[in-house]
Amino acid sequence: MVVTADGVLWVCNFGICGQLGTGTNENALIPTRVGGSDRFGGEGVRMMACSNKHSLILGSDNRVWACDLAHHFALDMVDTVDLLEPTLLPDVAMFTNVPKRTAMCLQKTIASWA
């Protein structure tokens, strides 16, 4: 995943787990545009965190989106629906990718997963 200076998210990699956000769980063998301000809250993407099974995307407006297959998602929020396109996580306020994925939820709880 790559975020351009103007906040557009591009992906290129194996996508078997739906983590690329392209709408399928197919590989993206050439750079593929996922979206910018048109998809991510009108302001584009600030940063992203990705793994071989899921991806998290932080919009410039501090909202968080996720992509993956339902059985891989570990936040216990939306684990029954495949997220093949970036899907807004309404209860997540921010996330970090170091040392493992951690999210601060709006209910003032913290979720963490590998």
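The values are calculated or read from the model by the stated rules, or taken from the named source; none is laboratory data. As the structure is a computational prediction, the values presented were derived from the model and not from experiment. Ideal geometry is used to build each Cβ from the backbone, glycine not excepted, and the neighbour counts take in all protein chains shown.
Residue count for segment 28-57, restricted to those that are polar (S, T, N, Q) and touching a strand residue (DSSP E or B) at 6+ places or on another chain (Cβ under 7 Å): 2. Regarding segment 3-15, can at least one residue be identified that is modelled with pLDDT of 85 or more, surrounded by 13 or more Cβ atoms within 10 Å (Cβ to Cβ) and under 17 Å from ASP91 (Cα atoms)? No, every residue in segment 3-15 fails to be modelled with pLDDT of 85 or more, surrounded by 13 or more Cβ atoms within 10 Å (Cβ to Cβ) and under 17 Å from ASP91 (Cα atoms).
Kindly provide the set of residues from segment 67-86 that are crowded, with 17+ Cβ neighbours inside 10 Å and modelled with pLDDT of 85 or more, ordered by number. Across segment 67-86, the qualifying residues are CYS67, LEU84, PRO86.
Please determine whether any residue of segment 35-58 is at pLDDT below 80, of a type in the set (Ser, Thr, Tyr) and surrounded by fewer than 19 Cβ atoms within 10 Å (Cβ to Cβ). Yes, that holds for at least one residue.
Do the conditions hold for ASN27, that is, is it modelled with pLDDT of 75 or more, surrounded by fewer than 16 Cβ atoms within 10 Å (Cβ to Cβ) and more than 13 Å from the chain's Cα centre (by Cα)?
On the way: modelled with pLDDT of 75 or more: yes; surrounded by fewer than 16 Cβ atoms within 10 Å (Cβ to Cβ): yes; more than 13 Å from the chain's Cα centre (by Cα): yes.
Yes, satisfied.
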